[in-house]
1. Please verify whether the range 32-47 includes one or more residues that are among the basic types (Lys, Arg) and part of a helix (DSSP H, G or I).
2. Residue check: is LEU99 assigned to a helix (DSSP H, G or I), open to solvent by less than 10 Å² (accessible area, probe 1.4 Å) and within 30 Å of GLY77 (Cα to Cα)?
3. Which one of these does ALA150 not meet: (1) among the small types (Gly, Ala, Ser); (2) exposed (fewer than 14 other Cβ atoms within 10 Å of the Cβ); (3) at positive phi?
4. Among the numbered criteria (1) in contact with a Gly (Cβ under 6 Å, 6 or more places away or on another chain); (2) over 24 Å from VAL256 (Cα atoms), which one does PRO131 miss?
5. Could you check the range 187-289 for helices (runs of 4 or more DSSP H) lying wholly inside it with 3 or more residues that are under 23 Å from the mean Cα position of the chain (by Cα)?
6. Only residues in the range 62-79 that are within 11 Å of ALA101 (Cα to Cα) count as the first member; pair them with residues that are among the hydrophobic types (A, V, I, L, M, F, W, C) and open to solvent by less than 10 Å² (accessible area, probe 1.4 Å), Cβ under 6 angstrom, at least 6 apart or cross-chain, and list the lot.
7. Among the residues of the range 245-281 satisfying the criterion of being among the charged types (D, E, K, R) and at pLDDT below 80, which is most open to solvent (accessible area, probe 1.4 Å)?
8. Name every residue in the range 57-96 that is part of a loop (DSSP other than H, G, I, E, B), of a type outside the set (A, V, I, L, M, F, W, C) and open to solvent by 10 Å² or more (accessible area, probe 1.4 Å), in order of residue number.
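The values are calculated or read from the model by the stated rules, or taken from the named source; none is laboratory data. What you see is a predicted model, and the numbers here were worked out from it, not measured in a lab. Backbone-built Cβ (ideal geometry, glycine too); neighbour counts: all protein chains shown. Remember, those area values only see protein heavy atoms, side chains included, never the ligands or the DNA or RNA. Shrake-Rupley method; radii C 1.70, N 1.55, O 1.52, S 1.80 Å.
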Amino acid sequence: MKIGLVGLGKMGFNMRERLRAHGLEVIGYDPRPEVTDVGSLAELAASLEGPRVVWVMVPAGEITQSTIAELADALEGGDLVIDGGNSRYTDDAVHAELLGARGIGFLDCGVSGGIWGRENGYGLMVGGSEPDVAKAMPIFDGLRPDGDAADGLVHAGPVGAGHYAKMVHNGIEYGLMQAYAEGYELLEAESLIADVPGVLRAWSKGTVVRSWLLDLLVDALEEDPELAQITGYTEDSGEGRWTVEEAIKHAVPAPVISAALFARFASRQDDSPAMKAVSALRNQFGGHAVKSASPKNSASGS
């Protein structure tokens, strides 16, 4: 099978190599000349025989939208576009309608596996029609982990279902990472614990909290035992926010995921205005001591 792959970043590049290793011919396009196989999306489309399948692996939002709009002009009826990025699920119906007007099929596919997917395979959550999923099955089989397909691949439902499932997956990921991080900090805070990385590593086999995320934390501490080379500033890529918004819409209590998202917001504040207000209130009602701001952080008066 021969397919097109748009976007050869950290994920897309490794996906191209995994698919090639599984016997698929992949023509990749990326604006960076050092990694691309062709010079444009039009050239990519021309290099494929119909019915063509093009996998889009670019950042969510405007870049995905413009890429799919350009593909709508470059492809023909009977072709298929798969959005494997982290698009919001509500965008999928818009993309499906745009492509469908040209007779082009559309699948949304949530992809998990990070930079390790090339070796280990990717978890895939697909939304779209049965015929389109069947058409793309050789690609999914090349990308998913070895073994039982159901352990790494699901046709989650119609268009939008794949990205919805991936959104919830990433929301859960927020909560898991936050729990491990809080446990790490608590271990670091107790003088009785002489080997924090060792404790975490001892949890990695046999315990009920073992997981790949825990393994990655152990690896990070082996590389930098005090995590001195990084700051606590932590971005969020959108899925956590969307998960919390969906929880509100459906009246589903999601306190862990919500707290993990808000913890990321707090990580970006050098001096939290909210905690300043808490400190001021404690001083006002109870006379509790407050720490004065350093001169460089306090506003100058006249």
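1. Just the residues of the range 32-47 that are among the basic types (Lys, Arg), to begin with: 32.
Cutting the leftovers down to part of a helix (DSSP H, G or I) gives us none.
Scanning the range 32-47, I find no residue that is among the basic types (Lys, Arg) and part of a helix (DSSP H, G or I), so the answer is no.
2. Working: assigned to a helix (DSSP H, G or I): yes; open to solvent by less than 10 Å² (accessible area, probe 1.4 Å): yes; within 30 Å of GLY77 (Cα to Cα): yes.
In short, yes.
3. (3) is the only condition that ALA150 fails.
4. So the condition that PRO131 fails would be (1).
5. On the way: elements: 196-202, 212-223, 239-249, 255-267, 273-286.
Filter on the range 187-289 gives 212-223, 239-249, 255-267.
6. ALA72/LEU99
7. Filtering the range 245-281 down to residues among the charged types (D, E, K, R) leaves 245-246, 249, 264, 268, 270-271, 276.
Among the residues that remain, those that are also at pLDDT below 80 are: 271, 276.
Values: ASP271: 85, LYS276: 109 Å².
Checking each candidate, the answer is LYS276.
8. The initial filter retains those residues of the range 57-96 that are part of a loop (DSSP other than H, G, I, E, B), namely 57-61, 75-79, 84-88.
Of the ones still in play, those that are also of a type outside the set (A, V, I, L, M, F, W, C) are 59, 61, 76-79, 84-88.
Within the range 57-96, PRO59, GLY61, GLU76, GLY77, GLY78, ASN86, ARG88 qualify.
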